[in-house]
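Following: one structure in structure tokens, then a few remarks.
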Amino acid sequence: MSNTDFVLAVEDLTVSFDGFKAIDSLNLYVDRGELRVVIGPNGAGKTTLLDLICGKTKASAGSIKFKNQEMTRLPEHMIVRAGIGRKFQTPSIYENLSVFKNLEVSYPRGRGVFGALGFKCDEAVKAKVDEIADMIGLADRLELEAGLLSHGQKQWLEIGMLLMQDPELLMLDEPIAGMSARERELTAELLKRICRNRSVIVIEHDMEFVARIAHKVTVMHQGKILAEGAMDKVQSDPKVIDVYLGH
Amino acid sequence: MSDQHLPSSPRRKFMLGAAALPLALAMSRIGHAAALPTAQVNTTGLAVTDTEVVVGQLHSATGTMAISETGSIQAEQLAIDQINAMGGILGRKIRVIKEDGASDWPTFAEKSRKLLVNDKVATVFGCWTSASRKAVLPIFEKENGLLYYPTFYEGLEQSKNVIYTGQEATQQILYGLDWAKQEKSAKTFFLIGSDYIWPRTSMKIARKHVEAFQGGKIVGEEYYPLGHTNFNSLINKIKIAKPDCIFAAVVGGSNVAFYKQLKAAGITGARQFLLTLSVTEDEMLGVGGENFAGFYSSMKYFQSLDNANNKAFVEAFKKAYGPKAVIGDVTQAAYLGPWLWKAAVEKAGSFDVDKVVAASPGIELPTAPEGYVKIHENHHLYSKARIAEGQPDGSFKVVAESPELMVPDPFPKGYQ
Amino acid sequence: MSFDEIYNITLMQGFAGLSLFAVLLLMGLGLAIIFGQMGVINMAHGEFMTIGAYTIFLLSSLTESHAPGLMQAYFPFAILCAFIVAFAFGWLAEWALIRHLYKRPLDTLLATWGLSLAMQQAFRTLIGPKEVSPTLPDWLMGSWEVTEGLDIPINGMFVLGLTVLVTGGVLLALYKSRWGLRVRATVANRAMANATGINTTRTDRVTFAIGCGIAGVAGAAFTTIGSTGPTSGSLYIVDAFLVVTFGGAASLWGTVVSAFGIAQTQSISEFFLSGSMAKVLTLLLIVTILMLRPQGLFASKVRR
Amino acid sequence: MDAFKTWLDRSGLASIAILAVLLLVVFPLAMDSFRLNLVGKYLSYGFVAVGLVMLWGYGGVLSLGQGVFFGLGGYAMAMFLKLEASDPQSTAIQSTPGIPDFMDWNQLTALPLWWEPFNSFGFTLFAVVAVPVLLAFIIGYAMFKRRVGGVYFAIITQAVALILTVLIIGQQGYTGGVNGMTDLRTLLGWDIRSDEAKTVLYFVTAALLLASVLLCRWVQLSKLGTLLLAMRDKEDRVRFSGYDVSMFKVFAFCLAAALSAIGGAMFTLQVGFMSPTLIGIVPSIEMVIFAAVGGRMSLVGAVYGALLVNFGKTYFSETFPDLWLFLMAALFIGVVMAFPNGLAGLYESHVKPWLARRKGAAAKAGEPPAGTPGEAGQQASAPASSSPAASHSTQAVAADGGLGIGTKVSSQSA
């Protein structure tokens, strides 16, 4: 496959479950610093796409290149270490730990067994935690047990945990689900700040929100890409309208 | 079960049997105790008072071995009750502390220490498997306790602190093999055992005897894990080898499976000669008489032995434990324990372990249900070897008996 | 050795493998149903087998003393009773213990372990610590001598037939009956099954009880080939677990294949090696395969 | 934050200190040498239970094969002691003097090569830990890399226990078979059967056990401990934070194996023999029950669990010989059904709130009402603040523990 300047280059990606092709010869390229939103009706394969990129699901065929490095054969934790972060659809945080601990645990040092044993929470870690907590608006909640955060705060915390690792590609699965209008606004701001020095892929249903944040939109349908481009262009695409209205 | 229910005849016999003891002493208990004050009969701090002597009983009442050990528990209790009914030992009643080894060797070790160190028992009747005996042996030696061990076993052991009341391997095996050669013209043997020390040692002795002394041939030797329940492949191998004699020492749950499957494969007493070291009346309960009919067992005791001692013993046993109770070889050997100890204590005039041990060699028990036994220098018993044929109703018919007492030889020369 | 003899031995050895297969499958089946369909490890499985065996013993004693004329006929009826009795105790155990622990599958293991201890002691107290031997009808004993030198064990054929019957019945019930549909629905998605009106509580109880009932049948059948005592169940439990584990737990088909594989390996290696070595070889083979394929032979394919 | 951490530290250490006083002062003073030796034996099971807390409670992985590691450690030690007990003088009666008696009985005429290194005490000490850890690593790596866990892992470890038992029993010429290795007498010339030796060994065992508890506590408080807990509840999140989850489980498994092995070695030294009955499925499950009774999340609880169950076993079997199995069964079932977090859970959910209430009632005046409406946060941050508010947090914790999640219970109790 070709060498590219893209952060992420997905080519001919296919995965099938018992003959059903959830992703079918898909190509996707994401630029550095780009915020890409993937939309599509339910069952289009959006989440599966993210699963494939982060290694949760193994591809049947095709390639996923991250900074020109093949990812399809790597185990999940190596993909993360290469610089890809993934947020799950439902907030996945350590409910029993404090916000501080949640962020601290995500700090990319002491990732091996013995590294973790010898890990010290030094000034660098604390500084990083403070920085991120500030960014996600939880600076005054550091000692709170994470399970007691509001739903929106949990989503932010999970994003914060990813940011602790400074990933070059961040993948967010429905980050504003269940958020209030005010929280959505804050999240949009947050995303804009985040993608200043990294690429972001977001799966989202809320078109208003998508319009607000997206640099470029990809529309998926039945495991394939239906359309790709700027938001207004995609919205006026008859194929897209057909898919959304037809279902 | 209490003493007044005992039939009078066995009591009289046992009184006679306590040979060395004058009748008068047994009858005037109090006078006896006074004549032998506790300070004199107990110089090592055992649990002996003016009226009582404490002994331990250590068997598995639970776990897989409970199947086998229950008979020993009952027989020892019966003997102790009978002794107490006669006035006890040196004027002192025996009190038993029962401990459950739970078929677990570390538990045996723990309980034996408890009996010796905490309870200071004068002696212990107990253990069944070699493994449990091996587990407690160092403790008996260290604490200088005394153990009466009832099971027929592999030999290769002799301890100051143990009296072995069952047969050691050569006593059980050699006569049986000679009988097989003479009476059944057996020349080829197929050896089968459960995979542990007793069958392996027994088979080693059998092989030596057959090959070196009988000019026979071993056509197969197989060991199966304890608890193994499928013998069909083995049975096919036997069918190929066509031995004159199947010589078996399979134990526990495997035993039942082995005989049921032999029968199902058409190998019955009518068609094949089989001699075993491990089927007593106890095992027969599980095996079922119809599966063992016509096969032979080599033991020193069978419930059907026809002598007065045994008749009284069987009657007392059934009276105590119900008409359906059966008595196997080990049960009888366990019954000997308390009587041998009584005789030794009375000969020594003391409960001290060292003195009892010193008095033990030469102790005779003409009242033994198996006939007559005597303790050898090496702490095993002189006893006769017997062969019996299994009957469809689960009993044994004795068909042969060694003319002389077999000398116990735990370290047989030429068989190592 | 003549050709005839080799031919006979080969046939008998083939049957030995088959009958071991039947034994392993029958003992594993109940466990596989409970484990595969409910995720519960029933450590008391062996004791439910013992219940079945004792049922046979009690009925044979009753028949012998009250209706000796029926001795030839009681056995099939007794096997049915063994199923019913074990089923009833299984039902009770599910109600008293298991249903409280569905959210903690590992804890069912500890609870049923406690149950097995109590059951063993109950057998000892109620029936006696020694082994017993039920009197079997004459037609179940001995061998069928096809030709001179070729003996096929009747009890082996009986167990084989019973296994085929029970396995077929289970498969049929699981894939054709309402109960089977409910079980499969519950396994696939408990919440959804509940929502569609399936009484999952009842389904679980029946499933557990059926698993125990089959254990009872196995125990009953094994009175023809093995021992009956308070701890007889422990002779089988381990092999039963191996069969289920090796088969992949989730599928009954896996249990069948694994029982067949283990039986053939063991039976053939026993023929050519010594008994203990054969056992070790079989176990090592199982473990090696499990190391390479820890999910067992037939893992259910799930999207993770 | 720091205040919270030191509080946590201290809280863990306090209960360990109480245990230390109990083991090192109270028991030796209160018991005769026989009972003390029994306790020493129970404590050697305690190692396994402590290991299980790390593996099962923290790692969320239940092994039913801990007897394997206990046995391997014990056998390694037994091999050394057996060789020492088999010098040519004391084995002169054998056909081949100088080799262990069971080898002689099984017609071996020379010491097998792989026994030779066990002539060295240094190697033996190394092997006691290294062999079990290596085996745990191989099994753990194969299983966890393929994401086998839960019930399935439990059964496979059980199979391993079975196989090792069959192997040891089958290879009796090399292992002593069913009887095991018996009649072990001296350690480097020091008679381990004497009362003094047993007392010394008791203290060594107790000290090693306390050291193990401290070590595990340290692991729990490290980032690795946090990760183990995190993994147990949100394995994917940990994985997608760049951690190789399987290696952490392998570590927990190896740690538990090492602890079990040390327990096994101490068992051999104190009891004087080693046998395959300690390896199989039954002892392995019993050891899990020790941990369950004590509380699968609590290190100190696990030690109490091992002591309590074994005391119970000894006491019941001496006092109610016919009923003791029923009582043990009732204990196991009762603990599993009613107190899933064992003694430690009971303490956390009942004793501690009660203590706190008593203390809290005294200090109540002047404190602001804890827990502002809608902000549960106040409660959770309570542990960091002073004690009065603590009663609230423990109540929240208790409810949590009752549901069987119990993570919070854990992170506070050593």
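Rg and Dmax of segment A:129-247, Cα atoms, in Å?
Radius of gyration, then largest Cα-Cα span, for segment A:129-247: 16.1, 51 Å.
Take the alpha-carbon centre of segment D:126-159, take the same for segment C:1-70, and report the distance between them in whole Å.
Here the answer is 33 Å between Cα centres.
Below 8 Å, C-alpha to C-alpha, sequence gap of six or more: please give me the relative contact order for segment D:60-106 in percent.
In percent, rounded to a whole number, it is 23.
Residue by residue through C:47-54, how many Cβ atoms from other chains fall within 10 Å of the Cβ on average?
Rounded to a whole number, the mean comes out at 0.
Taking the number of other C-beta atoms within 10 Å as the exposure measure, put D:279, C:262, D:333 in order starting with the fewest.
Exposure proxy ranking, most exposed first: D:333, C:262, D:279.
Using DSSP loop states and a limit of at most 16 other Cβ atoms within 10 Å to flag GluC sites (Glu not before Pro), what is the longest stretch of chain B containing no flagged site?
The longest such stretch corresponds to B:1-376.
Can you give the mean number of other chain Cβ atoms that lie within 10 Å of the Cβ atoms in peptide A:108-118?
Partner-chain Cβ atoms within 10 Å, mean over residues of A:108-118: 6.
Would you please report the Å³ per residue occupied by the convex hull of the alpha carbon atoms in segment D:2-154? Please report the intermediate quantities before stating the final value.
On the way: hull volume 29.8 nm³, N = 153.
Roughly 195 Å³ of hull volume per residue.
Counting pairs on different chains as well as pairs 8 or more places apart, how many Lys pairs in segment D:2-375 have Cα atoms under 15 Å apart?
The number of close lysine pairs in segment D:2-375 is 6.
Using all C-alpha to C-alpha distances in segment C:1-94, build P(r) with 10 Å bins and read off the rounded percent in each one.
14, 30, 25, 20, 9, 1
Got the relative contact order for segment D:2-375 handy, in percent, Cα pairs under 8 Å and 6 or more residues apart?
Values: 553 pairs, mean separation 114.5, N = 374.
Reported as a whole number, the value is 31 percent.
Rounded to two decimals, what is the ratio between the C-alpha radius of gyration of segment B:89-221 and 2.2 N^0.38 Å?
Rounded to two decimals, the normalised Rg is 1.33.
So what is the diffusion coefficient of segment C:120-244 in µm² per second by Stokes-Einstein at 4 °C and 1.567 mPa s, using a Kirkwood Rh over Cα pairs?
Translational diffusion coefficient: 74 µm²/s.
Calculate the radius of gyration of the Cα atoms of segment D:2-375 to one decimal place, then report Dmax, the largest Cα-Cα distance, as a whole number, both in Å.
For segment D:2-375, the Cα radius of gyration and maximum Cα-Cα distance read 22.6, 86 Å.
For chain C, compute Rh as the Kirkwood radius over C-alpha pairs and then the Stokes-Einstein diffusion coefficient at 25 °C and 0.890 mPa s; write the answer in µm²/s, rounded to an integer.
D, rounded to a whole number, is 121 µm²/s.
From the P(r) of the protein assembly as shown, could you give the percentage of C-alpha pairs in the tail past 68 Å?
Numbers: 146128 of 952890 pairs.
Percent of Cα pairs beyond 68 Å in the protein assembly as shown: 15.
If you wrap a convex hull around the Cα atoms of chain B, how much volume per residue is inside, in Å³?
Numbers: hull volume 49.6 nm³, N = 416.
Taking the convex hull of the Cα positions in chain B, it is 119 Å³ per residue.
Counting pairs of Cα atoms in segment A:142-185, how many percent are more than 16 Å apart? Please list the in-between numbers first.
Working: 395 of 946 pairs.
Considering segment A:142-185, 42 percent of its Cα-Cα pairs are separated by more than 16 Å.
Just want the answer: with Cβ charges of +1 for Lys and Arg and -1 for Asp and Glu, which residue in C:137, C:116, C:188 is farthest toward the dipole's positive end in segment C:111-236?
Value computed over the given set: C:188.
Where in chain B lies the longest segment free of trypsin sites (Lys or Arg not before Pro) that are both loop residues by DSSP (not H, G, I, E, B) and have at most 15 other Cβ atoms within 10 Å?
B:1-159
Please compare each pair in B:98/B:319; B:93/B:300; B:260/B:311; B:142/B:208; A:21/A:239 to a cut-off of 26 Å on the Cα-Cα distance and tell me which ones are over it.
The answer is B:93/B:300; B:260/B:311; B:142/B:208.
Could you give the radius of gyration (one decimal) and Dmax (whole number) of the Cα atoms in segment B:267-390, in Å?
Reported Rg and Dmax, both Å: 16.9, 56.
Would you work out which of D:164, D:291, D:267 lies farthest towards the positive end of the dipole of segment D:2-375? Charges go on Cβ: Lys and Arg +1, Asp and Glu -1.
Looking along the dipole axis, the top candidate is D:291.
Report the Cα centroid-to-centroid distance between segment A:35-55 and segment B:243-272 in angstrom, as an integer.
A separation of 68 Å, based on Cα centres.
Please give, to one decimal in nm, the separation of the simple spin-label points placed at residue B:183 and residue A:5, each 7 Å out from Cα toward the Cβ.
It works out to 10.4 nm between the two label points.
Pick out, from A:6, A:243, A:186, the residue whose Cα sits farthest towards the positive end of the charge dipole of chain A, with +1 on the Cβ of Lys and Arg and -1 on the Cβ of Asp and Glu.
Of the options given, the answer is A:6.
For every helix of n ≥ 4 consecutive DSSP H residues, a contribution of -39,500 (n - 2.57) applies; sum these over the protein assembly as shown, divide by its total residues, and give [θ] at 222 nm rounded to the nearest 500 deg cm²/dmol.
Per the formula, -17500 deg cm²/dmol.
Largest first and in whole Å, what are the equivalent-ellipsoid semi-axes of segment C:24-156 based on the Cα gyration tensor, each being the root of 5 times an eigenvalue?
33, 19, 13
Please give the per residue volume of the convex hull enclosing the alpha carbon atoms of segment C:251-299, rounded to a whole number of Å³. Mind showing how you got there, number by number?
Numbers: hull volume 2.6 nm³, N = 49.
Cα convex hull per residue, to the nearest whole number: 54 Å³.
Averaged across B:100-113, how many Cβ atoms of other chains sit within 10 Å of each residue's Cβ atom?
5
Under a Cβ-only charge scheme (Lys and Arg +1, Asp and Glu -1), can you give me the dipole magnitude of chain A about the Cα centre, in debye to the nearest 20?
Dipole about the Cα centre, nearest 20: 460 debye.
About its Cα centre, how strong a charge dipole does the protein assembly as shown have in debye, to the nearest 20, once Lys and Arg get +1 and Asp and Glu get -1 at the Cβ?
Around 1700 debye, computed over the protein assembly as shown.
Can you tell me the equivalent ellipsoid semi-axes for segment D:319-363? Use √(5λ) from the Cα gyration tensor, largest first, whole Å.
Ellipsoid semi-axes (Å, largest first): 33, 12, 5.
Classify segment C:199-269 from the C-alpha gyration tensor, please: rounded if a/c falls under 1.5, else prolate or oblate depending on whether a/b exceeds b/c.
Oblate shape, in that a/c is at least 1.5 and b/c is the bigger or equal ratio.
Each reported figure results from applying straightforward, stated rules to the coordinates on display, with no laboratory input. Everything quoted here is computed from the prediction, not taken from an experiment. Here the Cβ is made from the backbone with ideal geometry for all residues, glycine too, and neighbour counts use every protein chain on show.
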